[in-house]
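These notes are about the structure you will find just below.
Every number in this text was worked out from the coordinates using simple rules, so none of it is lab data. Given the structure is predicted, the values throughout are model-derived calculations rather than measurements. For neighbour counting, all protein chains shown are included, and Cβ atoms are generated from backbone atoms with ideal geometry for every residue, glycine included.
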C-alpha cells in the first residue's frame, strides 16, 4: 500500500488560504496584492468560479 499524495485539492480551503479577503486581512497579504498590481497581473488572487469540474461522458 502506497502513501497518500500530499496535495488533496479543495476549492473552499484554496479560497480561504489564498483568496482576496485573506490577502487583504494581513499586512503581508496586502504587500502581495500591491506587488501583483505593480507587476500588472491580470489575476490578483484565486477566484471561485473559474473552476470547471472535468467530466468525461
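From its DSSP helices (H runs of at least four residues, each -39,500 (n - 2.57)), the chain gives a residue-normalised ellipticity at 222 nm of -13500 deg cm²/dmol.
Each of 17, 52, 46 has some number of other Cβ atoms within 10 Å of its Cβ, and from fewest to most they run 52, 17, 46. Relative contact order of the chain: 33 percent, from C-alpha pairs under 8 Å at least 6 residues apart in sequence. When each of 22, 2 is scored by the number of other beta-carbon atoms lying within 10 Å, the sequence from fewest to most is 2, 22. Ordered by the number of other Cβ atoms lying within 10 Å of each residue's own Cβ, fewest first, 56, 24 fall into the sequence 56, 24.
Relative to the longest principal axis of the Cα atoms of the chain, the long axis of helix 27-39 makes an angle of roughly 80 degrees. Suppose R0 equals 30 Å; then what is the FRET efficiency for residue 39 and residue 16 from their Cβ-Cβ distance, rounded to the nearest 0.05? Calculated transfer efficiency: 0.80.
From the square roots a ≥ b ≥ c of the eigenvalues of the alpha-carbon gyration tensor of the chain, which class results: rounded (a/c under 1.5), prolate (a/b over b/c), or oblate? Taking the square roots of the gyration eigenvalues as a ≥ b ≥ c, the chain is prolate.
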